[in-house]
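K.L.:
Take a look at the following structure, please.
The values are calculated or read from the model by the stated rules, or taken from the named source; none is laboratory data. Please read all numbers here as calculations on a predicted model, not as lab measurements. Using ideal geometry, Cβ is built from the backbone for each residue, glycine included, and neighbour counts are taken over all protein chains shown.
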Amino acid sequence: MPFSPEKFIDESIASTKAAAGKGKAIIAVSGGVDSSVAAAICSRALGKNIRCIFVDTGLMRKDEGAKVKRMLSSAGVKLEVVDADRQFFSSLAGVEEPEKKRKIIGEKFIRVFEAEAKKWGAAFLVQGTIAPDWIESGGGSRHTIKSHHNVGGLPEKMHMKLIEPLRELYKHEVRSVAVALGLPPEISQRQPFPGPGLAVRIVGEITPEKAEIVREACAIVEEELESAAKRKEIEKPGSILPRFCRQRRSA
């Protein structure tokens, strides 16, 4: 059967309600399509019992916190921003190996979320994990391609239970769910960005100075891609989805 985003939304809302019960949850929102879709679904499922949190690691895109907050506000999702750049730069001092960076960042994210959860009495952490994340992170009979920070970077001991509503989906399916949810194109068609952020784009040791240089370079590249898309010279990720969904609904 073809994938039905509408059916998936209904099932995910129901399964999230069942998993959390009357408990409180926080959701890690990076601003990418995966976590934004998870936030929209969980906001509908849990209402006042969920807090959507964007952690500013100092390794995100230019002006990312304000931009993500604005984008999600238009979708009815209230976002809180937690500044944790000092914690991340301190933990990554002297580290050069990419795989080690991913694992450090994964654990640091969890510790930040645990601290926020403790303040609010939340027992659950929602993540926008999708199928390629856990497939590429290895485990069982699978070889590790790279450890995604939200899978391979998770610490062995956590004080929260995970809820991952998108775990079995692939990126194109997540984008179709974003369209079905009514999220704006700036979310459903957003250019991918690595979960660990600029940390995996910086060669060698990570410093605030290097992060600023790479952040500016990434901003220039993304601005050029956006301009090329507006000129119809390239097609943005997921840009065919609105047309595809309209065709399916009228079929």
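K.L.:
I'd like to verify a number: residues in the stretch 44-61 that are in a helix (DSSP H, G or I) and either aliphatic (A, V, I, L, M) or crowded, with 23+ Cβ neighbours inside 10 Å (or both), how many? Please lay out each step first, then the result.
P.N.:
Start the filter on the stretch 44-61 by keeping residues that are in a helix (DSSP H, G or I), which leaves 44-49.
Still in the list and also either aliphatic (A, V, I, L, M) or crowded, with 23+ Cβ neighbours inside 10 Å (or both): 45-46.
Result for the stretch 44-61: 2.
K.L.:
Tell me, which residue of the stretch 1-53 that is hydroxyl-bearing (Ser, Thr, Tyr) and in contact (Cβ under 8 Å) with a residue 40 or more places away in the chain is nearest to Glu80 (Cα to Cα)? Steps first, answer last, please.
P.N.:
Within the stretch 1-53, the subset hydroxyl-bearing (Ser, Thr, Tyr) is 4, 12, 15-16, 30, 35-36, 43.
Retained after the next criterion (residues that are in contact (Cβ under 8 Å) with a residue 40 or more places away in the chain): 12, 15-16, 30, 35-36.
Details: Ser12: 23, Ser15: 25, Thr16: 21, Ser30: 11, Ser35: 14, Ser36: 13 Å.
My answer is Ser30.
K.L.:
Considering only the stretch 62-83, how many residues are surrounded by fewer than 17 Cβ atoms within 10 Å (Cβ to Cβ) and touching a helix residue (DSSP H, G or I) at 6+ places or on another chain (Cβ under 6 Å)?
P.N.:
The first filter runs over the stretch 62-83 and keeps only residues surrounded by fewer than 17 Cβ atoms within 10 Å (Cβ to Cβ), leaving 62-63, 66-67, 70, 73-74, 76, 78, 80-83.
Those left that are additionally touching a helix residue (DSSP H, G or I) at 6+ places or on another chain (Cβ under 6 Å): 62, 81.
The number of residues fulfilling the criteria is 2.
K.L.:
Moving to a separate point now. Restrict the check to the stretch 1-24 and report whether at least one residue is buried (at least 17 other Cβ atoms within 10 Å of the Cβ), of a type in the set (Phe, Trp, Tyr), out of contact with any strand residue (DSSP E or B) (no Cβ under 7 Å at 6 or more places or on another chain) and not in a loop (DSSP other than H, G, I, E, B).
P.N.:
Yes, that holds for at least one residue.
K.L.:
Here is a further query. Return the residues of the stretch 112-137 that are surrounded by fewer than 22 Cβ atoms within 10 Å (Cβ to Cβ) and either touching a helix residue (DSSP H, G or I) at 6+ places or on another chain (Cβ under 8 Å) or in a loop (DSSP other than H, G, I, E, B) (or both); say none if nothing qualifies.
P.N.:
Within the stretch 112-137, Val112, Gly121, Ala123, Pro132 meet the criteria.
K.L.:
Just one of Ile220, Ile234 is at pLDDT below 90 and β-branched (Val, Ile, Thr); which is it?
P.N.:
Being at pLDDT below 90 and β-branched (Val, Ile, Thr) holds for just one of Ile220, Ile234, which is Ile234.
K.L.:
Can you name every residue in the stretch 29-43 that is of a type outside the set (A, V, I, L, M, F, W, C), in contact with a helix residue (DSSP H, G or I) (Cβ under 7 Å, 6 or more places away or on another chain) and crowded, with 24+ Cβ neighbours inside 10 Å? First the steps, then the outcome.
P.N.:
So the first thing to find is which residues in the stretch 29-43 are of a type outside the set (A, V, I, L, M, F, W, C), and the list is 30-32, 34-36, 43.
Subset that is in contact with a helix residue (DSSP H, G or I) (Cβ under 7 Å, 6 or more places away or on another chain): 31, 34, 36.
Asp34, Ser36 - these are the residues of the stretch 29-43 that are of a type outside the set (A, V, I, L, M, F, W, C), in contact with a helix residue (DSSP H, G or I) (Cβ under 7 Å, 6 or more places away or on another chain) and crowded, with 24+ Cβ neighbours inside 10 Å.
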